[in-house]
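Asks: One structure follows; several queries about it will come next.
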Amino acid sequence: MSRVLLLGSYAPSLVLFRAPLLKALVQAGHEVVASAPDEDSSIAGAMDRLGVRWAPIDFDRNKVQPLKDLQLVRRLRSHLRDIQPDRLITYTIKPNIYGGWAASSEDIPSAAMITGLGTMFMNSGVRKRIAERMLRKAVRHHDRVFFQNGDDRDDLVNAGVVEDASKIVMTAGSGVDLETYPIHPLPEAPVFLMLARLLVAKGVREYIEAASILKRRCPDAVVRLGGMEDPGSGGVPMSEIQQAVDDGIIEYLGHVEDVQAALARCSVYVLPSWHEGTPRSVLEAMSTGRAVITTDARGCRETVDHEENGLIVPLRDPKSLADAMSRLASSSELRSEMGNKGRSLAESRFDARQVAAVMLDALSL
């Protein structure tokens, strides 16, 4: 039995995205500890129910500030000495970088999960080059690097961040818990749903514009948007969302706590994102038997077999998105057929238990 520490930067994601991995580690007989900034009072109880020890550590998850974050490395080293894990697994950019540095200093084996490259890596410039150097240093210590799509892998290999290709392990995203997201009967009406943070890069504006076109063609179609406002520079102002509501273009759900219930009330899931790791919301929609419309973008295109379980549209193209929505709005048979194929694909390719088994095998756990 090993003591395994899973380090992330957002506590709710441990429950929302990492629960199957945590369960698999516990079921394999390991002592499992989870750490992230303590932003949610419910996390301790959720970890206890999973059989995981909760050991929060505070840090700013949104910014990479090399000088200030040197203090974080010191605190992470102290955190590791307190927990004394046999193995560290990190995910998201700051844990991947600073967790790797701290693990190297403490001589603890570590692995990193690349769950998507953020804007720092997607844009060119000095900040990108600095981030690549920082991650390269961490990856030299990580003995496994898990990627969710080939584009992210190729970018980091070509940039010299991952110098040893033998460390690379590909996974089908984080997978989806098929039991938590069972198949649901489809509503008769065409009901479209998008769940995401209200960011420009998630395609929120394209979704609203496509909805406007769709409503002129198919007034009975229902278009719903759920997600939290993001106050950062990449956020879509709430005034734009409210204007679309006032104009009768969309229904805004706000923050959606019960994702399964929201999916059960829709017939098509839409994610016009600019880039993802592998979008978990799409996998959840597929698992419940929903047709999917998404973009020909990294991470997104991996989830849809075009014309099978959904439709892939060009990036940042509201007209093409509206055409795809119109096509599915006009045919309940097509929505049902694609939804059933989506469930089959979730079972064969994206089962979270299979993803966890691949990771545990790669880590010899």
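The values are calculated or read from the model by the stated rules, or taken from the named source; none is laboratory data. Since the model is a prediction, treat every value here as computed from it, not as a measurement. Every residue, glycine as well, gets a Cβ built from its backbone with ideal geometry; the counts of neighbours run over all protein chains shown.
Asks: Applying the selection to the range 88-112, what residues are charged (D, E, K, R) and modelled with pLDDT under 95?
Replies: Once the filter is applied, which keeps residues that are charged (D, E, K, R) and modelled with pLDDT under 95, the range 88-112 yields only Lys94.
Asks: Checking Val282 against (1) buried (at least 22 other Cβ atoms within 10 Å of the Cβ); (2) hydrophobic (A, V, I, L, M, F, W, C); (3) out of contact with any Cys (no Cβ under 8 Å at 6 or more places or on another chain), which single condition isn't satisfied?
Replies: Only one criterion in (1) buried (at least 22 other Cβ atoms within 10 Å of the Cβ); (2) hydrophobic (A, V, I, L, M, F, W, C); (3) out of contact with any Cys (no Cβ under 8 Å at 6 or more places or on another chain) is unmet by Val282, namely (3).
Asks: Name the single residue, out of those in the range 96-113 being of a type outside the set (A, V, I, L, M) and in a helix (DSSP H, G or I), that is surrounded by the fewest Cβ atoms within 10 Å (Cβ to Cβ).
Replies: Taking the candidates together, the pick is Ser105.
Residue-wise test of (1) surrounded by fewer than 18 Cβ atoms within 10 Å (Cβ to Cβ); (2) assigned to a helix (DSSP H, G or I).
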residue: Val26; (1), (2): yes, yes
residue: Val32; (1), (2): no, no
residue: Asp40; (1), (2): yes, no
residue: Ala44; (1), (2): yes, yes
residue: Lys68; (1), (2): yes, yes
residue: Thr90; (1), (2): no, no
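Asks: For the range 46-55, name all the residues that are in contact with a strand residue (DSSP E or B) (Cβ under 7 Å, 6 or more places away or on another chain) and either crowded, with 19+ Cβ neighbours inside 10 Å or in contact (Cβ under 8 Å) with a residue 60 or more places away in the chain (or both).
Replies: The answer is Met47, Val52.
Asks: Every residue in the range 134-171 that is surrounded by fewer than 15 Cβ atoms within 10 Å (Cβ to Cβ) and either under 24 Å from Pro279 (Cβ atoms) or in contact with a His (Cβ under 6 Å, 6 or more places away or on another chain) (or both), please.
Replies: Gly150, Asp154, Asn158, Met170
Asks: Now for a different question. Which one is nearest to Ile241 (Cα to Cα) among residues in the range 205-230 that are assigned to a helix (DSSP H, G or I) and aliphatic (A, V, I, L, M)?
Replies: My answer is Ile208.
Asks: Quick one: which strands (runs of 3 or more DSSP E) lie wholly within the range 256-349 and hold at least 3 residues that are without any contact (Cβ under 8 Å) to a residue 60 or more places away in the chain, in contact with a strand residue (DSSP E or B) (Cβ under 9 Å, 6 or more places away or on another chain) and in the same structural domain as Gly227 (by TED's automatic domain parsing)?
Replies: Strands (runs of 3 or more DSSP E) meeting the threshold: 291-295, 310-313.
Asks: Mind listing just one residue for me: the one in the range 224-246 that is surrounded by fewer than 18 Cβ atoms within 10 Å (Cβ to Cβ), modelled with pLDDT of 95 or more and charged (D, E, K, R) and, of those, nearest to Arg205 (Cα to Cα)?
Replies: Glu240
Asks: OK, next. Can you name the number of the only condition in (1) under 21 Å from the mean Cα position of the chain (by Cα); (2) outside any helix (DSSP H, G or I); (3) closer than 27 Å to His255 by Cβ; (4) at pLDDT 95 or above that Gly116 fails?
Replies: (4)
Asks: Which condition does Val162 not pass, out of (1) β-branched (Val, Ile, Thr); (2) part of a loop (DSSP other than H, G, I, E, B); (3) under 20 Å from Val256 (Cβ atoms), if it passes all the others?
Replies: (3)
Asks: Out of the residues in the range 71-88 that are in contact with a Lys or Arg (Cβ under 9 Å, 6 or more places away or on another chain) and not β-branched (Val, Ile, Thr), which is surrounded by the fewest Cβ atoms within 10 Å (Cβ to Cβ)?
Replies: Of everything passing the filter in the range 71-88, Gln84 is surrounded by the fewest Cβ atoms within 10 Å (Cβ to Cβ).
Every residue, every condition in (1) farther than 17 Å from Asp177 by Cα; (2) modelled with pLDDT of 95 or more, yes or no:
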| site | (1), (2) |
| --- | --- |
| Tyr252 | yes, yes |
| His275 | yes, no |
| Glu308 | yes, yes |
| Asp323 | yes, yes |
| Asn340 | no, yes |
| Ala362 | yes, yes |
